[in-house]
Amino acid sequence: MTEQAVYDFTALENKWRDRWRRNRTMATPDPGPGDKTFYVLDMFPYPSGAGLHVGHPVGYLATDIVARYKRMAGYRVLHPMGWDSFGLPAERYAMKTGVHPEVSTEANIATYKRQMDLLGLGYDWDREIQTSSADYYRWTQFIFIQLYNAWYDAEAGAARPVDELPIPAEILAAGRRAVQKYQDEHRLVYYETAPVNWCAELGTILANEEVFNGKSEQGHKVVRVPLRQLKMRITAYAERLIADLEALDWPEGIKESQRQWIGRSEGVQLHFKVRGSDVEVETFTTRVDTLGGVTFLALAPEHELVDALTTPDQRAAVDAYRDEAACKSDLDRTRDAEKTGVPIGAAAINPVTGRPAPIYVADYVLPDYGAGAVMGVPAHDERDFAFAGKYGLDIVPVIDPGMNAPDRERVLAGRKCWIEDGVMLSPPKGGAGLYHAGMRWRDAREAVADHLEVKGLGKRKIAYNLRDWIFARQRYWGEPIPVIHWEDGTRTTVPEDQLPLTLPHIDNYKPTRQAQSPLERAEDWVEVTDPETGLKGRRETNTMPQWAGSCWYYLRFKDSRNAAAMVDPALEKAWGMVDLYVGGAEHATLHLLYARFWHKVLFDLGLVSTSEPFRKLVNQGLLTSHAFRNERGIILPIDEVASKENGVFVHAASGDVVTRVSAKMSKSLHNVVTPDDVVARFGADAFRVHMMFMGPLEAMREWETDRVASASKFLHRVWRFTTEGLANPSSDEGKPVSLALTRLVLAVTEDLDNLRLNTAISELMKFLKVAEGQPVSKATIDRFITVLAPFAPFMAEELWEMAGSSTSVFEAPWPRANEADLKAGIEKIEVVVQEGGKRRATIILAPDADDQTVREAAKARLAEMGKPVDGLDLNRVIVVRDRKSGQIKLANISVQAYSTSGV
RNA sequence: GCGGCUGUGGUGGAACUGGUAGACACGCGGGUUUUAGGAGCCCGUUCCUGACGGAGUGGGGGUUCGAGUCCCUCCAGCCGCACCA
């Protein structure tokens, strides 16, 4: 080879893209016995119409690099990609343009796929799935049916088939319909009429997890309306969902978000007698110790006892208040600092004091938490304090903040709310057993709870913030729910051998009326007749939420073409948990919680072999672009701003001076950069190297296309170095070069194992710095190419071919090196001499010199510098060695070691 | 308010279990080559000082022979949750 080829990245990348596709280089065979497996997964995307921008592939690049490395390191690697292709945007697009979601989805997928190929993302496309294809959602429906036909056995702590649900004798005696009703009430999938989150703009109801500050993800208003809804009993798993987080290698923030979302709190459910009535009101409290301080009860407006307890003179006011509360959006209801309510005329009896506590309806009480009713203790709860203040209710303290509390007097006078430490006051009168004067309130709480349980007035209970998952959506573009409602009032699921229940084509995607799915229009599809009995029925017309498909897709990748099962059990087991899962943090309480829930159900039912789906989770940081902000804080698009020579930015139209700021990529700011742009300018390898070199995967960063030039420059140097070396390999390579290669292999391997891709790339740069312009052996060049390959796969393949190989570089084994080679290669070492931790000088020593030699040498060096070392206690000289290699790094002389000499 | 995360040069960021702070880059400065260059190559680049030397990882305090790293405390920023009784 005499003529040095030019690094023509476009031609070279096209060549290998094509060759990889033809040779199916990235296809993953199923694992065989004894194979080491590694499952690395990206959160699959919803294929939107806009295609990928440079921010999307941050995580995909990282997993691709890891997957290629692991494969070379001898693992059987599963690294698939698919499409979360059901969802609202496609349906809304269809409403506007009339283009069927299936058509637009296909087009979008084609774009995504082309862009992913462009970047050299080595997915095994043989395993590609899309949630909207019937081959896939057939199994989503299958799983739905498994959940439908299961109940949660609290004693066993696991889900079981509903056939195994013990039926109480009296139900059994009441007949078949009673049994069926009983079973229906226990299923993991059930119907219930309850207030739900209704978004009129989207024409659908939403799950609690999909409502943010009273608005939908898109910012549309959400209100609570009572509707009959399909739910999944995720709350049955609350305890396990919290407990099993412990063992997962996930970011602490995500785990904590889930814990908070589930929101476990221990308390007591207790009932209050209503004065002059047999009715009792259940309340839930975490502070039974404050029972004596209860001066009112507050019921949620939706509470079922409100009607019965409201007195005639309060009826009108109560009804008006309830109507008002019903119309309020979640935002109005939760954000109003002001506590409002209306007395219903009845009063409960405080069991400690015997005094009446008026009952209110108040919308700060949520209907679906605890008992939907609270005991008001204004003295020791800030919300209750605010409420009592507004309506002039008694404020009776039961806890003494203690002598040292500055606010003690005001608390005891009922003018301030106290929620911190303290001891129980003496009871106003009586209340034995429910009052523990002098006891710290935390202890009193337990004592009172014990007492209530013994007397049958209440019992300990754990309440969760988590609500059951509202599972139905009034949409077209989602999985049909395989349920049939029969005219006799019964309900069945579609027989499994009739799956998939395919989505019918319709012409109009608008909801028919409030909370009715557009599927209602597909009359032929909706109406069914039982062929055996002639019974008529209607199909469920709601569809599944977007999260359904993503709840189990990681399982399907293991066996994505299986027509007979969701996944072959042997393959499910062989691949095991996802070893590395990379995606955005925005799914903390949505996808990641739902997927864990389904996985646990499948585990209980024996369909999967692990109790958790994802072993290690990493959230990639957000990639921003930039924009400009003027003095009024308005963000301006980048093309409306000009840069002046003095580094000042000026808004072209107004002449205002503006500042450059980080901003999310968005169409309106005209700051979207696509991978296509970057690849055309610098090539995919440079894009990959730059993106990963920018910083840690988890960190947020700002994109600047010009900066890819740095990675491009590096790759040009790599190209020149390697091609020159291959043209003229040397038989006697210098020691510094071979040492640098050993160090490179060790460092890159360690960095890859820890997902430190930025430092791995800097190691490649360091090696190049040492080896450039030096004689280099063929063996060293080969090893360098293999180490480069995960990062710059296109160039590595080309160089590998030039190096004489006829197979892919990804068939090559990952090079090995050991620490001992490094150590053996070093003859002399520079040791730092410190004085009291401050660097003073360096000495040259053999790396294996013993401590005494180091100490003497350090002392001699200090003497040379004119330091008074006569009284130096050599034992006080601390010699520090590298933990791994045992090499000396530094010698530190304690300043106190001089003190004996009196200096 | 609650919770999580983060504060290191002009910039992005290195520094594994406490052990030479600023690796590797960007930018900037100087030099060189020259085919025009916003190209290549080489050198320099934390701050103060002419130098010796000193200071330095958001502020303050502590532990230690030695602290970016551990502990306490305060400050700032980012993200998530938020009437859950």
*For the range A:229-241, indicate whether the set of residues that are within 13 Å of RNA strand B (Cβ to nearest atom), more than 30 Å from residue A:327 (Cα to Cα) and under 29 Å from the mean Cα position of the chain (by Cα) is non-empty.*
yes
_Just to check your reading of the model, which residue among A:63, A:140, A:111 is modelled with pLDDT of 95 or more, within 27 Å of residue A:604 (Cβ to Cβ) and hydroxyl-bearing (Ser, Thr, Tyr)?_
A:140
*When you scan the range A:254-308 for strands (runs of 3 or more DSSP E) that lie fully inside it, which ones turn up with 2 or more residues that are exposed (fewer than 15 other Cβ atoms within 10 Å of the Cβ)?*
A:264-273
_Only listed residue being within 13 Å of RNA strand B (Cβ to nearest atom) and in contact with an Asp or Glu (Cβ under 9 Å, 6 or more places away or on another chain), chosen from A:362, A:357, A:298_ = A:298
*asked:* With the requirement that a residue be touching a Gly at 6+ places or on another chain (Cβ under 9 Å), closer than 25 Å to residue A:71 by Cα and not in a helix (DSSP H, G or I), what does the range A:124-140 give you?
replied: A:128, A:129
*Could you please find all residues in the range A:721-756 being among the charged types (D, E, K, R), over 28 Å from residue A:58 (Cα atoms) and not in a loop (DSSP other than H, G, I, E, B)?*
A:724, A:735
*Go through (1) surrounded by 21 or more Cβ atoms within 10 Å (Cβ to Cβ); (2) at pLDDT 90 or above; (3) touching a Pro at 6+ places or on another chain (Cβ under 8 Å) and name the single condition residue A:352 misses.*
(2)
*Does residue A:826 qualify as being closer than 30 Å to residue A:746 by Cα, of a type in the set (A, V, I, L, M) and either under 51 Å from the mean Cα position of the chain (by Cα) or away from RNA strand B (no atom under 11 Å from the Cβ) (or both)?*
yes
*Would you mind listing the helices (runs of 4 or more DSSP H) fully within the range A:533-589 where at least 1 residues are closer than 14 Å to residue A:142 by Cβ and of a type outside the set (Phe, Trp, Tyr)?*
A:547-550, A:553-556
*If you check residue A:397 against the conditions, is it of a type outside the set (Val, Ile, Thr), under 30 Å from residue A:361 (Cα atoms), modelled with pLDDT of 90 or more and in the same structural domain as residue A:361 (by TED's automatic domain parsing)?*
yes
*Identify the residue in the range A:680-717 that is more than 8 Å from RNA strand B (Cβ to nearest atom) and aromatic (Phe, Trp, Tyr) and, among all such residues, is nearest to residue A:787 (Cα to Cα).*
A:687
*If you check A:154, A:169, which single one turns out to be without any contact (Cβ under 8 Å) to a residue 40 or more places away in the chain and loosely packed, with under 15 Cβ neighbours inside 10 Å?*
A:169
*Looking only at the range A:828-837, decide whether some residue is basic (Lys, Arg) and farther than 30 Å from residue A:122 by Cα.*
yes
*May I ask you to verify whether residue A:342 is in contact with a helix residue (DSSP H, G or I) (Cβ under 6 Å, 6 or more places away or on another chain), within 13 Å of RNA strand B (Cβ to nearest atom) and modelled with pLDDT of 90 or more?*
no
*asked:* Going residue by residue through the range A:97-109, is there one that turns out to be closer than 19 Å to residue A:597 by Cβ and either hydrophobic (A, V, I, L, M, F, W, C) or in contact (Cβ under 8 Å) with a residue 40 or more places away in the chain (or both)?
replied: no
_So, restricting to strands (runs of 3 or more DSSP E) that lie completely within the range A:592-704, which ones have at least 3 residues that are of a type outside the set (Gly, Ala, Ser)?_
A:617-619, A:623-629, A:649-651, A:657-663
*Which of (1) out of contact with any strand residue (DSSP E or B) (no Cβ under 9 Å at 6 or more places or on another chain); (2) outside the structural domain of residue A:399 (by TED's automatic domain parsing); (3) modelled with pLDDT of 85 or more is the odd one out, the single condition residue A:213 does not satisfy?*
(3)
_Hits in the range A:141-195 (condition: hydrophobic (A, V, I, L, M, F, W, C) and assigned to a strand (DSSP E or B))_ = A:150, A:151, A:158, A:159, A:189, A:194
*Among A:854, A:833, which is within 14 Å of RNA strand B (Cβ to nearest atom), surrounded by 16 or more Cβ atoms within 10 Å (Cβ to Cβ), assigned to a strand (DSSP E or B) and not assigned by TED's automatic domain parsing to the domain that holds residue A:743?*
A:833
*Within the range A:446-477, can you find the residues that are among the charged types (D, E, K, R), within 16 Å of RNA strand B (Cβ to nearest atom) and in contact with a Gly (Cβ under 9 Å, 6 or more places away or on another chain)?*
A:460, A:461
*In the range A:20-55, what count of residues is obtained for those that are closer than 30 Å to residue A:705 by Cα and without any contact (Cβ under 8 Å) to a residue 60 or more places away in the chain?*
1
*Would you pick out the residues in the range A:696-709 that are surrounded by fewer than 15 Cβ atoms within 10 Å (Cβ to Cβ) and free of Cβ contacts under 8 Å to residues at least 40 places away in the same chain?*
A:706, A:707, A:709
_Show the residue pairs meeting these rules: Cβ distance below 8 Å; 6+ apart or different chains; first residue within the range A:759-773 and under 12 Å from residue A:787 (Cβ atoms); second residue near RNA strand B (Cβ under 6 Å from one of its atoms) and at pLDDT 90 or above._
A:768/A:717
*Among the candidates A:255, A:221, single out the residue that is within 12 Å of RNA strand B (Cβ to nearest atom) and either modelled with pLDDT of 85 or more or outside the structural domain of residue A:615 (by TED's automatic domain parsing) (or both).*
A:255
*Which residue pairs have Cβ atoms under 7 Å apart, sit 6 or more places apart or on different chains, and have a first residue in the range A:587-606 that is hydroxyl-bearing (Ser, Thr, Tyr) and a second that is in a loop (DSSP other than H, G, I, E, B)?*
A:594/A:551
*Among the residues of the range A:392-401, is any within 13 Å of RNA strand B (Cβ to nearest atom) and either within 30 Å of residue A:210 (Cβ to Cβ) or over 43 Å from the mean Cα position of the chain (by Cα) (or both)?*
no
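The values are calculated or read from the model by the stated rules, or taken from the named source; none is laboratory data. Predicted model only: the values in this text are computed from it and were never measured. Cβ atoms come from the backbone with ideal geometry, glycine included; neighbour counts cover every protein chain shown.
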